[in-house]
Amino acid sequence: EILDALLTAPAVRAERARNELAENGCHRKIYTVTLPYTRAIRPGSLVEVVDAEFGERWRGLITAESLDEGAAGDVLQKIIVERPWP
């Protein structure tokens, strides 16, 4: 966790988090998350993932995204998320 009294603006905190995630390249896991498309989630964005299967919540960096058609004709968005790993 990063605590810094000088990081007061949300955009600055998000950029600091992106830099921290990028630096820890050797300690990360890659996840593919598929969800219904509601809005574009672009690479470089930080997201919070709620994993109901394991009962945990974590944040990660989007590295790629794509759109696919679902079985019912709906639009699905697939995102690749890098998760920092201890």
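A few comments on the model shown:
- Per this entry, residue 53 is not counted among residues that are over 22 Å from residue 3 (Cβ atoms) and either surrounded by 11 or more Cβ atoms within 10 Å (Cβ to Cβ) or in contact with a Cys (Cβ under 8 Å, 6 or more places away or on another chain) (or both).
- Residue in the range 21-29 that is at pLDDT 90 or above and surrounded by 11 or more Cβ atoms within 10 Å (Cβ to Cβ) present: no
- The residue of the range 53-86 that is farthest from residue 37 (Cα to Cα), among those that are touching a residue at least 40 places away in the same chain (Cβ under 8 Å) and among the aliphatic types (A, V, I, L, M), is 61.
- Residue pairs whose Cβ atoms lie under 6 Å apart, sitting 6 or more positions apart in sequence or on different chains, and linking a residue in the range 32-52 that is touching a residue at least 24 places away in the same chain (Cβ under 8 Å) to a partner that is open to solvent by less than 90 Å² (accessible area, probe 1.4 Å) and not in a strand (DSSP E or B), are 46/14; 46/17.
The values are calculated or read from the model by the stated rules, or taken from the named source; none is laboratory data. Being a predicted model, the structure only gives us computed values, none of them experimental. As a convention, Cβ positions derive from the backbone with ideal geometry for all residues, glycine included, and neighbour counts pool all protein chains shown. Each accessible area value is taken on the protein alone, full model and side chains, heavy atoms only, with ligands, DNA and RNA left out. Shrake-Rupley method; radii C 1.70, N 1.55, O 1.52, S 1.80 Å.
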